[in-house]
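Presented below is the structure to which this report refers.
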Amino acid sequence: MNRTAIAALAGLAVLLALPFVTPVYFLHLLIQVLLWGFIYTAWSMMGRFGLVSLGHGAFVGVGAYVPALLWNYFDVTPWLGIPLGIALSALLGLIIGYPCFRLRVVGHYFALVTLALGQVVLLSIVAARDITGGSLGMTPRSIGHSWYALQFPDKGYFYAIALVIWLGGLFVWHWIDRGIGREALEAISDDEDAAAAIGIDVTREKLRVTIISAALTALGGAVFGQYLMYLNPETFSGIGVSLQIVFAAIAGGMYAMLGPTVGALFTIALTEGLRVWFGASFVGAANTIYGILLILFVIFMPRGILGWLETVRRPRAGAAAPAE
C-alpha cells in the first residue's frame, strides 16, 4: 500500500471520528465545509477546462427550492423532490449549454450568459413571492426527526450525509480526471478547431461536463437547503453565490482534487471571521472581500493554495545537484 492510500485512509478515519469529538458549533461548520466543498468541486469540473460559469448559483437555487416547494405544497418527500431538482438543473444546463457550444460562445461571453441565467433564477424566485416567499425566504414544513422528510435535529445525521456526498463528488472528479474525456476537454480548452479536426465532438464533450457539473451542484444545494431548513434567494442563488463558488474554487486550487474543499474551508473561516469582526456594521463585507481576494488570487496565485504549496515543495529548478 503506497503513501497516498495510507494518507487517504487515515484522513477518512479522522473524518469518521470527528462527529464524536467535535462541539456542535464546529460540527455545523464542518457540514458546511463538506457541502460547499462538494459544490465547489462540481464547479471546478467545468472551470478547470476553461468553461468559466458565473451562474452556478442558479443550479444551487433550483436544487434547493424544488424539493422544498414540492414538500410544502404537495407533501412530496425530498427523496423524490431532490432528483427532480437535479433533473431540472441538468435540463437548464442543457438549454444554456447547447446553443452556446453550437454557436461557439466561449470565454467571457459564455461567462456572461451563465451570469444572466443566475440572475434569471434569482429574480424568478423573488417574483414568485406568493409561492417561494420572495426575498423574505421560506421555511420547509418541519415534522421533526424523519427519514421520509429528510429532517434530522441531530447534526450527526447530516454530517454523515454530507460526508458521503462529498466523497461521491471526489469520485466523480477523479473519474473525469482519469478518463479519456479529460484529454478531449483539455484539447478543446487549448484549441477547439484543432480538437474538432482530430475527430473530437466538441459540443458533446462540453455538454457532458456541463450537465454533470449542474446536476452535482443542484444536489449540493438541495442537501444544504434541507440542512438549513430556511431558503433565501440571496443565500441560494444569484451573483453573490456564484461569485462565492468561483472564488473558493480558484482560491483552493481548481486543478487539484482537494483544492475546492480547501477553498471551502478558507471561505467559511473567512466568512465566520468577518461575521465576528464586523457583525452587522458592514453587511456586504464578505462579498466585497471575496471580490478583492479573487482578483489577487487570479493575479498572484492562479493555481490556488494547493497549487502554490506544490510549487513551494517542488525542488527549485536549476538547483545544484548534491555532491557525490
Can you tell me the length gained on complete extension of the stretch Glu183 to Tyr230, counting 0.36 nm per residue apart and subtracting the Cα distance?
12.8 nm
Unit charges at the beta carbon, dipole of the chain: most positive-side option, His28, Gly97, Gly118:
His28
Determine the order of Thr132, Thr288 by accessible area, beginning with the largest, at a probe radius of 1.4 Å.
Thr288, Thr132
Need the C-alpha centroid separation for the stretch 180-214 versus the stretch 12-54, integer Å.
27
What does the extension gain come out to for Tyr25 and Arg208, with contour length at 0.36 nm per residue minus their alpha carbon separation?
62.1 nm
Sum of -39500 (n - 2.57) over DSSP H runs of 4+, divided by residues of the chain (222 nm, nearest 500)
-25000 deg cm²/dmol
Using each residue's phi in the stretch 96-105, evaluate 6.51 cos²θ - 1.76 cosθ + 1.60 at θ = phi - 60° and report the 3J(HN,Hα) Karplus result to the nearest Hz, with x for Gly and Pro.
7, x, 4, x, 5, 6, 5, 8, 6, 7
Who wins for biggest fluctuation among Phe20, Phe224, Phe110 in a Gaussian network model of the chain, springs between alpha carbons below 10 Å?
Phe20
Pull up all non-local amide H partners of Gln151: gap of 5 or more, or a different chain, and H-to-H distance under 5 Å with H placed in the peptide plane.
Ser146
State the volume of the convex hull built on the alpha-carbon positions of the chain, expressed per residue in Å³ and rounded to an integer.
179
If packing is taken as the average number of other Cβ atoms within 10 Å across a peptide's residues, how do 91-102, 249-260 rank, most packed first?
249-260, 91-102
Label-point separation (nm) for Ala7 and Arg129, each offset 7 Å from Cα along Cα-to-Cβ?
5.2
Write down the radius of gyration of the stretch 18-61 and its Dmax, each obtained from C-alpha positions, in Å.
14.1, 41
Using a probe radius of 1.4 Å on heavy atoms only, what accessible surface per residue do you get for the chain? Whole Å² is fine.
50
Leaving ligands and nucleic acids out of the surface, order Val33, Val312 by accessible area at 1.4 Å, largest first.
Val312, Val33
On the protein heavy atoms, probe 1.4 angstrom, tell me the percent of accessible surface of the stretch 138-254 carried by carbon and sulfur.
62
The stretch 78-214: relative contact order in percent, alpha carbon pairs under 8 Å with at least 6 residues between
35
Quick check: from the Cα gyration tensor, does the stretch 153-252 come out rounded (a/c under 1.5), prolate or oblate?
prolate
Positive-end extreme of charge dipole, the stretch 167-268 - chosen from Ser242, Phe266, Val209 (charges on Cβ):
Phe266
With a ≥ b ≥ c from the Cα gyration tensor eigenvalues, square-rooted, and the rule rounded for a/c under 1.5, otherwise prolate when a/b > b/c and oblate otherwise, the stretch 1-101 is oblate
For the stretch 92-236, what class follows from the C-alpha gyration tensor (a ≥ b ≥ c being the square roots of its eigenvalues): rounded when a/c is under 1.5, otherwise prolate if a/b is larger than b/c, else oblate?
oblate
Enter the accessible area of Thr217 (Å², nearest 10), with the probe set to 1.4 Å and all protein chains included.
0
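The values are calculated or read from the model by the stated rules, or taken from the named source; none is laboratory data. Bear in mind that the values here come from a model prediction, so they are computed numbers and not experimental data. Note that we place each Cβ from the backbone using ideal geometry, even for glycine, and neighbour counts take in every protein chain shown. Just the protein is used for accessible areas: all its heavy atoms, side chains included, with ligands, DNA and RNA removed. Shrake-Rupley method; radii C 1.70, N 1.55, O 1.52, S 1.80 Å.
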